[in-house]
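The values are calculated or read from the model by the stated rules, or taken from the named source; none is laboratory data. In this text, all values refer to a predicted model and were calculated from it rather than measured experimentally. Using ideal geometry, Cβ is built from the backbone for each residue, glycine included, and neighbour counts are taken over all protein chains shown. Areas reflect the complete protein model, heavy atoms only, side chains present, ligands, DNA and RNA absent. Shrake-Rupley method; radii C 1.70, N 1.55, O 1.52, S 1.80 Å.
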Amino acid sequence: MNNIEISNIRKTYQGKTGVTIALDDVSLSINGNELFGLIGPDGAGKTSLFRILTTVLLPDSGSASVCGADIVKDFQYIRNISGYMPGRFSLYPDLSVEENLNFFATIFNTTIEENYDLIRDIYVQLEPFKTRRAGKLSGGMKQKLALCCALIHKPNVLFLDEPTTGVDPVSRKEFWEMLKRLKNSGITILVSTPYMDEAMMCDRIALIQEGKILLIEQPADVAKGFGRKLYSARADNMYQLLIDLRAYDAIADCFAFGHTHHFTVKNELTNPDVIADYLREKMHTNLDIIEIAPGIEDCFMQLMRR
Amino acid sequence: MRNQIRQLVEFIRKEFYHIIRDPRSMLVLLGMPIVQIILFGFAITTEIRNSSIAILDNARDDATQNIISRMENSQYFSIQKDLINNDQVYTAFKTGKIKMAVVFEPGFAENLKHNNKAKVQILTDGSDPNNAVTLTNYASSIILDYQASYNQMQALPMAIETEMRMLYNPRLKGIYSSVPGVMGLILLLISAMMTSIAIVKEKEMGTMEVLLVSPVKPWLVVISKTVPYFALSLINVATILLLSVYVMGMPVMGNVILLFGVSTLYIFCSLALGIFISTNTSTQQAAMLASIMGLMLPVMLLSGYMFPVANMPVVLQVISNIIPAKWYIIMVKSIMIKGLGIGSIWKEILILNGMTLFFLLISIKRYKIRLS
Amino acid sequence: MEQTIIEVRNLTKQFGDFKAVNSISFDVRKGEIFGFLGANGAGKTTAMKMLIGISIPSAGEAKVAGFDVYKETEQIKKNIGYMSQKFSLYDDLTVRENITLFAGIYGLTDTEIAARTVELTNRLGIADEADKLVASLPLGWKQKLAFSIAVIHNPKIVFLDEPTGGVDPITRRQFWDMIYAAAAEGITVFVTTHYMDEAEYCNRVSIMVDGVIKALDSPARLMQQYNAKSMEEVFIILARGAKRSDN
């Protein structure tokens, strides 16, 4: 019942520099009680999609429903049952933690006590700072407070637009653990992120780029679509290694990936030992080349280049 | 319904927090009227005292002596009488010793008696036009005074021209015209500018997005934004009136309750204007600019606060009619200075009511339940 | 390679009772890519502000490009480049105007500016867009352009404050290619980031927790030391114990 259906949504903006297509014929079906990730860089159209689903923006064409309610006709109903955390954590910086929470509880016709169970895990971390002004909280704390505010009325659906952007890895990890727990309590969650590694935490993900959905898949299945051999290489001088790999004829693509470089070859039959020999000739030391399973980021980059 | 009242109360509380927690802005909002009244009352007064003037009395008869002594006693002028010819008048102007010269024609009293007409020339330093106009007004009012008393003893009266302003402000005190003006300006500033900025700020911070996605009714958001500024405006009305009565010595001739009534109406009109501005702008900067260019300047220039409407070109006179402050200032002057009752200002009340309704209606029409 | 370009000794910044940066000491070597990591509120930004000469330390010493952070902030500013995620270019100026403006600020001559504009736009592949408003460029291009402009005056050090936030993975890597190239030319790179894979591109990284530097070494050695498979794990081990998560 708590599902989200999106069909053929299109949205354009008329700007100073011409027409921008924010969403280009986007269709998506999100099941009830699913933790669904919308993954893509800035400007991919994530925020536009969130605004359309939360009824604050009208699409140019196409239709969508949240929990069976139409986003245009039944917008009032959707506003009652949705929790929304916009890209910038929308809190009042001059109100304290407690005042912010109280305020949002009131406008949703509820009280902190009524749904305390739902936010308890998060709120206990905020409680020591409850008289502090929201503007004086760190990124991680603001994010938790914004989540509490979005949850305070026990919504059926939670829309989180880039909740982890600019937040350090520890807070991010904690945040995703919270989302898992919320999902288990029966809430449908649509969350967007520019961090590819966070995709693994979702039930399903959609990759979005320039207003188009590139792929909808369970994270574990994304790699299956890669369809090529992927190698990882490392050596002492990583920058020289990158230059030499790119200069080599048999290499299709090569990118830095953490402490290694990932590359694909033009001809699947190319023996990696040949590449290793070439690199040793180039005086690389401690060279290590192995075939690896592609990750989400590898797949996304491959899809982007198509 | 109960829920909505609770929402409204909570909302208004929040708005008060925003204002109270920004002490600098609050100080400006509450201090501004005080500073303005004191500035206009004491420092930037249009009143003139002991201005040096010269008198060239070519008649030296009863009539001229009478007028000169009236001038001497007026406190406005400090007279240097020792002039005997026109050349001296020009020299005195050139050296900057005097601001005005009064020249009586020879046989002044005779002419008055036999021709019912006598000539007096008033020369002023046109390089300071405001001052010159004021001095001329003072001098001519003294001469008219004399004529009035002279006419009482006379069988054939002379036609006397007087200005409206003199009728109700015989001592030409600057404060009389600045109090209504300051009220018109301050209330507009607080109600319209601050309200529009407060609403637009929510848009800018992104909190409006969350409010839109909540069940809260948009009108409730807007109403609660206006309440604190309404309260602040009323405080300012009280402050200005107390200051003008007890510090500046300008009494309220009419009904104080009526004065508060029309002020409330004007505040409503300004709040409606503020809401209207907020529906048309999306950044605090734009709202501020719109308020200053669209509200403050017209009030200062066209409402009759600084320059009399009657002296403006016809086009500007017509434009001045759409400025709410003009009507409010007329009402305040009527109540405070002339002591008139509601019967004399019903037209202005109707006009302001109409304007308020108009701004509210287009704001409601333009109010967006969605972004852009 | 062993020449020190940033030297920090017991650097402290105190706001009231609160020590935002609590006596940190480290060296950055000439030509290296130095990753400056930390949790939100750990004091990274405060420390960086002191190093780029816009905030005077409460105590301790630091030399940047040989200049003192107390007395020679003007010289420091001439010798460094700076790019932050929040502000980098003027959206309402064209690419050429932005280049001219920043090059002019750093005292390049008109002929130098003209030459560098051609070279820079060609290298970035945006020669055709040189007279377009920056607002019309995709985010990735803007970031790359911003970096190029930050090093237009050949600074000794370039400070990058979360330069790749929100950028797509390909552009992010192209961005790092540029960082590598700058480092190969001898420009020292001092960078903060929340992407832990990017930390692994650095020659050395420091991790700040609660105002102090908890670890400083090459990514490989840190991973070995903490028995971790990635820098993310190292970071989480170190920062999980953070007491303060507020500024």
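Table for the structure above
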{"read-out": "Complex-versus-alone comparison for the range B:8-36, residues with a loss of 50 Å² or more in accessible area, probe 1.4 Å", "value": "B:Glu10, B:Lys14, B:His18, B:Arg21"}
{"read-out": "The range A:131-184, accessible surface, carbon-and-sulfur percent (1.4 angstrom probe)", "value": "41"}
{"read-out": "Spatially proximal lysines relative to B:Lys113 (Cα-Cα < 29 Å; intrachain offsets below 8 disregarded)", "value": "B:Lys81"}
{"read-out": "23 Å Cα-Cα threshold exceeded, pairs from C:Lys44/C:Lys156; A:Lys183/B:Lys368; B:Lys201/B:Lys365; A:Lys136/C:Lys49; A:Lys142/C:Lys19; A:Lys142/A:Lys183", "value": "A:Lys183/B:Lys368"}
{"read-out": "Contact order relative to length of chain C, as percent, for alpha carbon pairs under 8 angstrom and 6 or more apart", "value": "26"}
{"read-out": "Cα shape, the range C:132-210, gyration tensor, a/c 1.5 rule", "value": "oblate"}
{"read-out": "Whole-Hz couplings from phi, Karplus 6.51/-1.76/1.60, listed for the range B:108-114; x for Gly and Pro", "value": "4, 5, 4, 4, 5, 5, 8"}
{"read-out": "Interface residues in the range B:343-372 - accessible area drops by 30 Å² or more relative to the isolated chain, probe 1.4 Å", "value": "B:Ile369, B:Arg370, B:Leu371"}
{"read-out": "Cβ-placed point charges (K, R +1; D, E -1), dipole of chain B about Cα centre in debye, nearest 20", "value": "1580"}
{"read-out": "For A:Phe257, distant residues with modelled amide H under 5 Å away", "value": "A:His262"}
{"read-out": "Spatial separation of Cα centroids for the range B:329-372 and the range C:177-235, in angstrom", "value": "65"}
{"read-out": "Relative contact order (percent, whole number), chain B, Cα cutoff 8 Å, 6+ residue spacing", "value": "18"}
{"read-out": "Selected from C:Ala220, C:Asn79, B:Ile319, residue furthest toward positive end of dipole (the protein assembly as shown; charges at beta carbon)", "value": "B:Ile319"}
{"read-out": "Point-charge dipole on Cβ atoms (K/R +1, D/E -1) for the range B:175-366, about Cα centre, debye to 20", "value": "220"}
{"read-out": "Of C:Lys77/C:Lys214; A:Lys130/C:Lys63; A:Lys11/B:Lys217; A:Lys282/C:Lys30; A:Lys73/B:Lys203, pairs whose Cα-Cα distance is over 31 Å", "value": "A:Lys130/C:Lys63"}
{"read-out": "Around A:Ala252: net Lys/Arg minus Asp/Glu count, Cβ-Cβ under 14 Å", "value": "+2"}
{"read-out": "Selected from C:Ala182, C:Gly66, C:Thr117, residue furthest toward positive end of dipole (chain C; charges at beta carbon)", "value": "C:Gly66"}
{"read-out": "The protein assembly as shown - mean residue ellipticity at 222 nm from DSSP helices (-39,500 (n - 2.57) per run, n ≥ 4, rounded to 500)", "value": "-14000 deg cm²/dmol"}
{"read-out": "Dipole magnitude of the range A:191-275 about its Cα centre (Cβ charges: Lys, Arg +1; Asp, Glu -1), debye to nearest 20", "value": "140"}
{"read-out": "With every protein chain in place, chain C: carbon and sulfur % of accessible area (1.4 Å)", "value": "48"}
{"read-out": "Sequence-distant residues sharing a close amide H with C:Tyr82 (under 5 Å, placed H)", "value": "C:Phe159"}
{"read-out": "Within 10 Å of each Cβ in B:203-210, the average number of Cβ atoms from other chains", "value": "6"}
{"read-out": "For the pair C and A, total buried accessible area rounded to nearest 100 Å², probe 1.4 Å", "value": "3100"}
{"read-out": "Carbon plus sulfur fraction of accessible area for the range A:196-306, probe 1.4 Å, in percent", "value": "49"}
{"read-out": "Environment charge of A:Ser61, counting only residues whose C-beta is closer than 13 Å and scoring Lys/Arg +1, Asp/Glu -1", "value": "-1"}
{"read-out": "Excluding exposed DSSP-loop trypsin sites (Lys or Arg not before Pro) (at most 11 other C-beta within 10 Å), longest clean stretch of chain C", "value": "C:87-228"}
{"read-out": "In the range A:181-278, the trypsin sites (Lys or Arg not before Pro) that fall in loop regions by DSSP, at most 14 other Cβ within 10 Å", "value": "A:Arg228, A:Lys266"}
{"read-out": "Separation between Cα centres of the range A:167-196 and the range A:100-142, rounded to whole Å", "value": "17"}
{"read-out": "Heavy-atom surface of the protein assembly as shown, accessible at 1.4 Å and reported per residue (Å²)", "value": "44"}
{"read-out": "For the range C:211-218, 3J(HN,Hα) per residue [Karplus equation, 6.51 cos²θ - 1.76 cosθ + 1.60, θ = phi - 60°, Hz, x = Gly/Pro]", "value": "x, 10, 8, 7, 8, 8, 5, 6"}
{"read-out": "Residues with amide H under 5 Å from that of A:Ala22, placed H, sequence gap 5 or more", "value": "A:Lys11, A:Thr12, A:Tyr13"}
{"read-out": "Charge-dipole axis of chain A as Lys and Arg at +1 and Asp and Glu at -1 on Cβ define it, positive-most pick from A:Thr47, A:His262, A:Leu190", "value": "A:Thr47"}
{"read-out": "J(HN,Hα) series, the range C:34-39, from Karplus relation 6.51 cos²θ - 1.76 cosθ + 1.60, nearest Hz, glycine and proline x", "value": "10, x, 10, 9, x, 6"}
{"read-out": "Summed residue charge, Cβ within 15 Å of C:Asn154's Cβ, Lys/Arg positive, Asp/Glu negative", "value": "+3"}
